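Throughout, read-outs are computed from the coordinates displayed, never taken from laboratory work. Not measured: the values here are computed from a predicted model. Counting neighbours? That spans all protein chains shown, and the Cβs are built from the backbone with ideal geometry, glycine included.
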Amino acid sequence: MNVERADFRLPVRYSGLDDILKRVPVSVVWEITLACDLACQHCGSRAGRRRRDELSTAEALDLVGQIAELGARSVGLIGGEAYLRKDWLQIVAAVRAAGMECDLQTGGRNLTADRVAAAAAAGLNAVGISIDGIGATHDRLRGVPGSFELALAAMHNVRDAGLEVGVNTQINARTLHELPELMGIIIAAGCRNWQLAITTAMGNAADHPDMLLQPWQMMDVLPLLADLAVRGREQGLFLQPASNIGYFGPHESRLRNVMDEEIHFHGCNAGDTVMGIEADGTIKSCPGLPSPYAGGNIRDRRLRDIWENAEPMAFNRRRTVDDLWGYCRTCYYAETCLAGCTWTAHALMGRAGNNPMCHHRALDFESRGLRERLVKVKDAEGRSFDHGEFEIVVEPVPACHG
Amino acid sequence: MAEPGRIPVPLRLCRGCRRFVRIENEACDFCGADLAALEAAHAGDVAALHAAMDALRAAMAAHAAPLPEREGSGVGES
């Protein structure tokens, strides 16, 4: 029993019931450029070169005002690599001047001390640095030798500038076994917020199915993360599972405990309290979702109009159990979970509503001596935020499984 | 006015097996435990722990308070 709770400050991007009822896009994730100085094997947006028609400075600053008008509390700048956009500090300053928090999610390759200092002067609140594995594992995944050491150096630069530093880590076949040791490294480097997500089968990741986790591996992932969450908390680290990690099972409470043991996953937030923006002004209900979920472009419509009225933005809040299929349709948690992360489900299965990456589901299959295995049946096309397709094979648990 | 968002369907925690179950349940669908009884036991444990922590804090505060002066006493008195 844990009565002594560490004094954690909840990020402002956490939403409450009032935010949901009023559909406030509390957390806006904005890809301000697709240009990138890394070459990540798992990049969902296939970043590298700028998009053809990225927003101008004037358009971007106007968009900041429109975001603030909707009541957003947090704007996360991503890319590609956000600092490669020449006016990125103007955007940071504008977000802060509009009363919103601004943080940067970065690969950190060229996040020098001078760059961080300038960002701090512009008002940047926090930096999340992507670290996927240790040393050579990270370097291979990120496509640049030495990028792990550069990411650690970036962490130190952020700390030295007095900003909050967090880490984002992808969980896949290459990084899973390194998570415990990685946690020690990032705590020593000053990390207090560690966000983990399962690598989604989108973009570059869809081209590397060997990298992806299998559904039955949720039997390993969830207990491990719950253990790391408890151990991390004892050392001042807040472990934050992404929405594609879960669901339920006996570790849900430990994993999602944010000063309350009774917090549990409550379904996808896309289009309710989360918004994604692409560098050309495309608005989506979640930053990871593919183009069918785009609600419009701010060059054609005001942001409020897209957010409140665009049909593709409404799929989540109108979703019911009737929209589920496969195992999820009859799952015990169907009404609450609604098939978990839409992004993950759609990237794997070609449509939302059935998500095999689920601990409860894996436990259920195992209780019957079975497991689910994903087999790729269709390649991705090679565009940003594209995906292939997988089929689920249900098979007996092998004798030496574990 | 914007259409409201989807209100999450809440669940309750079984303090026995730590699974989440339907909020209207009296028994856990996974381990069969009496949810109310487990909740009452948990509340009792939390209250006892709080009481112990309060007692510890009081004892530590008393230990830290300056000692009253005594005639003939001095530092290093064994």
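Assigning unit charges at the beta carbon (Lys, Arg +1; Asp, Glu -1) and nothing else, what dipole magnitude in debye, to the nearest 20, does the protein assembly as shown show about its Cα centre? Mind showing how you got there, number by number?
Values: 50 positive and 62 negative charges, 169 e Å.
Here the protein assembly as shown has a charge dipole of around 820 debye.
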*Using the Cα gyration tensor of region A:231-334, with a ≥ b ≥ c the square roots of its eigenvalues, what is the shape: rounded (a/c below 1.5), prolate (a/b larger than b/c) or oblate (neither)?*
oblate
*Which of the aspartates and glutamates could a cross-linker bridge to A:Lys22, judged by Cα under 19 Å and excluding same-chain residues fewer than eight apart?*
A:Glu69, A:Asp272, A:Asp305, A:Glu308, A:Glu311, B:Glu3
*Size of charge dipole - region B:11-59 - debye, nearest 20, with Cβ of Lys, Arg +1 and Asp, Glu -1, no other charges*: 220 debye
*asked:* For region A:56-191, I need the span (max minus min coordinate) of the C-alpha atoms along each principal axis, in Å, sorted largest to smallest.
replied: 44, 29, 24
*Work out the charge dipole of chain A with +1 on the Cβ of Lys and Arg and -1 on the Cβ of Asp and Glu about the Cα centre, then indicate which of A:Leu141, A:Asn297, A:Ile392 is farthest towards its positive end.*
A:Asn297
*asked:* Just to check I understand the Karplus step: with θ = phi - 60° and J = 6.51 cos²θ - 1.76 cosθ + 1.60, what whole-Hz values come out for region B:55-61, glycine and proline as x?
replied: 5, 5, 4, 5, 5, 5, 5
*Could you list which residues have their amide H under 5 Å from that of A:Gly246, counting only those 5 or more apart in sequence or on another chain, with H placed in the peptide plane?*
A:His359
*Would you work out which of A:Ile171, A:Leu370, A:Asn316 lies farthest towards the positive end of the dipole of chain A, given +1 charges on the beta-carbon of Lys and Arg and -1 on that of Asp and Glu, about the Cα centre?*
A:Asn316
*Select from region A:17-86 those trypsin sites (Lys or Arg not before Pro) which occupy a DSSP coil region and have at most 16 other Cβ atoms within 10 Å, ordered by residue number.*
A:Arg49, A:Arg52, A:Lys86
*Space enclosed by the convex hull of the alpha-carbon atoms of region A:205-267, per residue, Å³*: 102 Å³
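Cut-off is 10 Å between beta-carbons; in what order do A:Thr200, A:Thr320 appear when sorted fewest neighbours first?
Result, fewest neighbours first: A:Thr320, A:Thr200.
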*Sort the protein assembly as shown into rounded, prolate or oblate with this rule: let a ≥ b ≥ c be the square roots of the eigenvalues of the Cα gyration tensor; rounded if a/c is under 1.5, and if a/c is not under 1.5, prolate when a/b is larger than b/c, oblate otherwise.*
oblate
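Would you kindly state how much longer the chain becomes between A:Asp305 and A:Asp323 on full extension, computed as 0.36 nm times their sequence separation minus their alpha carbon distance, in nm to one decimal? Don't skip to the answer; put the middle values down first.
Working: separation 18, 0.36 × 18 = 6.48 nm, distance 2.57 nm.
Extending this stretch completely gives an extra 3.9 nm.
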*Assign one of three labels to region A:89-128, namely rounded, prolate or oblate, based on the Cα gyration tensor with a ≥ b ≥ c the square roots of its eigenvalues; rounded applies when a/c is under 1.5, prolate when it is not and a/b is larger than b/c, and oblate otherwise.*
prolate
*Förster radius 41 Å - calculated FRET efficiency between B:Glu3 and B:Ala33 (Cβ-Cβ, nearest 0.05)*: 0.55
*asked:* Skipping prolines and chain starts, which residues have an amide H placed within reach, meaning under 5 Å, of the one on A:Gly296, given they are 5 or more residues away or on another chain?
replied: A:Ile283
*So what J values fall out for region B:16-33 if you push phi through Karplus, 6.51 cos²θ - 1.76 cosθ + 1.60 with θ = phi - 60°, rounded to Hz, Gly and Pro as x?*
x, 8, 6, 8, 8, 10, 4, 5, 8, 5, 9, 10, 6, 6, 9, 10, x, 5
*Assuming R0 = 56 Å, what is the FRET efficiency of A:Glu234 and A:Asp62, from their Cβ-Cβ distance, to the nearest 0.05?*
0.75
*In terms of modelled amide H atoms, which long-range or inter-chain residues lie less than 5 Å from the amide H of A:Glu164?*
A:Val127
*So what's the back-of-envelope 222 nm ellipticity for the protein assembly as shown, counting only DSSP H runs of four-plus at -39500 (n - 2.57) apiece and dividing by all residues, rounded to 500?*
-9500 deg cm²/dmol
*Measure off 7 Å from each Cα along the Cα-to-Cβ vector at B:Ala62 and A:Asp53, then give the distance between these two points in nanometres to one decimal.*
7.7 nm
